[in-house]
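The values are calculated or read from the model by the stated rules, or taken from the named source; none is laboratory data. Being a predicted model, the structure only gives us computed values, none of them experimental. Here the Cβ is made from the backbone with ideal geometry for all residues, glycine too, and neighbour counts use every protein chain on show. SASA here: full protein model, heavy atoms, side chains in, ligands and nucleic acids out. Shrake-Rupley method; radii C 1.70, N 1.55, O 1.52, S 1.80 Å.
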Amino acid sequence: MKTLFDWLDNRTGFRKLTREALYENVPGGSRWRYVWGSTLTFAFVIQVVTGLFLLFAYSPSTKTAWESVYYIQHEMTGGWLLRGIHHFASQAMIVLLALHLMQVVIDGAYKAPRELNFLTGIVMLLMVLGLSLTGYLLPWDQKGYWASKVVASLAGATPVVGAAIQKVIIGGSDFGHHTLTRFLAIHAGVLPGMIVLLIVVHIYLFRRHGLTPRQPVRRPDVAFWPDQVLKDSVACLAVLATILFLIVSPRLFSPDAPLGAELGAPADPSEQYSAARPEWYFLFLFQFLKYFPGDKELWGSVIIPSLVMGLVFLMPFIGKWKLGHRFNMGLLLAILIGAAGLTYLAYAEDRQKPEFQLATKQAHASAERAVALARLRGIPESGALTLLREDPLTQGPKIFARSCASCHRYDGHDGMGATPSDAASAADLKGFGSHEWLAGILDPGHVAASNYFGGTKFKDGKMVRFVKKDIARFDARQKEHLNKVVMAVSAEAGLKSQAGADSRDTTAIEEGRRLFAISEMRCAECHQFRKKDEDATAPDLTGFGSREWLISFISDPAHERFYGKRNDRMPSFGKEHQLTPREISLLTDWIRGEWATAEPVASVKR
Amino acid sequence: MDSPPDTPNPDRREFFKKASAVVLGGIAAAVPIGAGVPLLLDPLGRRDTAGAAVHVVNIDSLPVDGTPRKFTILASRKDAWNRYDDAPIGAVYLRRLEGGKVQALNVSCPHAGCFVDYASASRTFLCPCHNSLFHLDGTLAQKSSPSPRGMDSLEVEVRKGSEVWVKFQNFQAGHATKMARA
Ligand code: FES
């Protein structure tokens, strides 16, 4: 063994190198305040290691980026942990960079002869921010996509060269496959490579000029090893513990919270994401920008930040003046306080915006749904977005909110959870066609309420009069009959939620079908039901609420089969091409509660 | 961490410091690596989804003289996150035998996985890559063949008197024994 080491030493001189590395003098003894540089290096190493592992499973294209990250996060062994470490270590790096910078400035470690060291440090800080910006897009989820679009547009707004720069960076006029390949190349190749070089220079310069001791030096010098190394190790471990804690902490608050880094719903260029925000450490810039509207925007996005960065770069030279150091401390303090204040304002503003809260909630719901569908069905070649685009639970509420909620409600809201400002003028369609829904419409106390006919012209119509006068006077036997009729009509819908009851109550349903026709119940006077009736004037109840019935109804409520000429204000969505057949069937399936679920019914709810 | 002058055993204290520095630093370095290795080894824990039998053709489309014909097998397939319905997962040679039976051979060569050709002139199977030669029934046709075993036969069944159903499977190439690819 010894001979081997001797040979190695002879060829490489590693002993001298290690000795130099380990026995670097630490003037005034080891200190906790010197650990920041080491923890930063450590965090960077974590990023390189975990990043390399992630590269083994990541696939950069618009059809596979989200999908491969989903696979890492939810299917591969330990993927959530790996991704979690990479995500939170990146945030730790930002914090550590700030701490390191503070320590350097406060201790005056940027002054001559260490100017170059300071400058390489600041360049690395900018590169780490670049890593963060590029890494944010790689999962190709809604939040990364829309946040990056904003950044790209801002870059594009730079005069003269902006458009060209933007095109080169995103690899085309719009985000696409090449945006991802380019971002990945920058994120996993260019920037880390340059940072490694700069770290070497940075540490070499640091060793050359030695540590800047905290004045006054009271204690004797020691060697780097083992005192400072021990402190550094403890600090690194603490950083690691914090990262691990952040990964598992959501579980402390709710038992089925996702572990590790969040993965939003797959990026959808057609679906504006109003909860798009940059990472928290960019929020201050995001907020800052708000104060520079219109043509002044460039001041907030480029000019002022560049001037401030310029001042930071000049710190070592400003520091030469008598009051220079004070000025630098003041500048740093101003930047930190300003950033903290702006960050706070950004959060406070969002907290007061109900639309933001709702958008965030919806974003979480559709992220969960995308994962549930991917698990349930596997992802088609066209990508995970197809899963959401063809999912009634995802699309139904959106279509409803857009096209139906100006009159109808769904469980009191517009389908997406918001309450429209105008009062409802048509029925609430939650549970449409179900036993409960029908029992409600036949209840004298409810039929003319706003969640049924209250807002329509039918509120003084025959049906309402019948319910309010006749049914109100029904005796126990008649009520029993009515109940069976309700069972029979609600069975027409064939709802998933009622499958159990429908197959259990077959005799009562049979009975109800017969009772529908008897004159005492009066239903058949107006409605057609299960047999041809030329004089029917009210909507056909054959197959009421079934998929076919509902699709036909939404397509053309003014058809003879339904309201005919007596149709109130409801548009013929299909006939008038206000909705595509695809949209109508998604809407129908959603209203009928027909969407893919795992057994037993998954916990995906709106 | 200055050592007070009354420390009984400064050597021991020094050793303790060194040991803890090494251990703590070691842990810190090991965690990110430890988190990545399981992902790297993830494929080991995944099984090839051995397919169920698929209906390939009707027996009438196979020549009566026993000439083999090649068919692509379409089946649903999972590739990491993607699920494909009716994706090509491989190909077979089907050959009509006496008595309404059918023989199915996996077209991929047991040597290194090239697709074996049918040489109609000599009525043999010839692999274009390293010239392994096989008889019509799939057995080796050379004394010393690059291929360590004959072509892989597959389970085949004729249902309802005419439907040819094949249970498609891939086998590990390069071994003398036929082992299902896990
Ligand atoms: S692969 Fe067929 S002979 Fe080598």
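Counting only protein heavy atoms and a probe of 1.4 Å, the accessible surface of the stretch B:58-172 is 48% carbon and sulfur. The solvent-accessible area of residue A:122, taken with every protein chain present and a 1.4 Å probe, is close to 0 Å². Legend: calculated FRET efficiency, residue A:577 to residue B:117, from the Cβ-Cβ distance at R0 = 60 Å, rounded to 0.05, equals 0.60. Peptide B:12-22 shows a mean partner chain C-beta count of 3 within 10 Å per residue C-beta. The residues of chain A expose on average 50 square angstrom of accessible surface per residue, using a 1.4 Å probe on protein heavy atoms.
What the Cβ-Cβ distance of residue B:175 and residue A:52 gives, at R0 = 35 Å and to the nearest 0.05, is a FRET efficiency of 0.60. Inter-chain neighbour count for A:82-90: the average number of beta-carbon atoms from partner chains within 10 Å of each residue's beta-carbon is 2.
With Cα atoms as the point set, the radius of gyration and Dmax of the stretch A:396-591 evaluate to 16.3, 47 Å. Straight-distance candidates among the lysines for linking to residue B:143, with alpha-carbon spacing under 28 Å and chain neighbours fewer than 8 residues away dropped: B:70, B:178. The residue A:558 and residue A:439 beta-carbon pair, evaluated with R₀ = 25 Å, returns a calculated FRET efficiency of approximately 0.35. Under 1.5 on a/c is rounded, so check that first for chain A, then, if it is not, pick prolate when a/b is larger than b/c and oblate when it is not; a ≥ b ≥ c are the square roots of the alpha carbon gyration tensor eigenvalues. Taking the square roots of the gyration eigenvalues as a ≥ b ≥ c, chain A is prolate.
Past 19 Å, Cα to Cα: identify those pairs from A:63/A:361; A:111/A:320; A:430/A:469, in the order given. Long pairs (Cα-Cα over 19 Å): A:63/A:361; A:430/A:469. Over the stretch A:20-140, with every protein chain in place, what whole percent of the accessible area is carbon and sulfur at 1.4 Å, could you tell me? Carbon-and-sulfur percentage of accessible area, whole number: 72. Taking a ≥ b ≥ c as the square roots of the Cα gyration tensor eigenvalues, with a/c under 1.5 meaning rounded and otherwise prolate when a/b beats b/c, else oblate, which class fits the stretch B:45-138? It comes out oblate by the Cα gyration axes. Using a 1.4 angstrom probe on protein heavy atoms only, the contact between A and B buries about 3000 square angstrom of accessible area, both sides summed.
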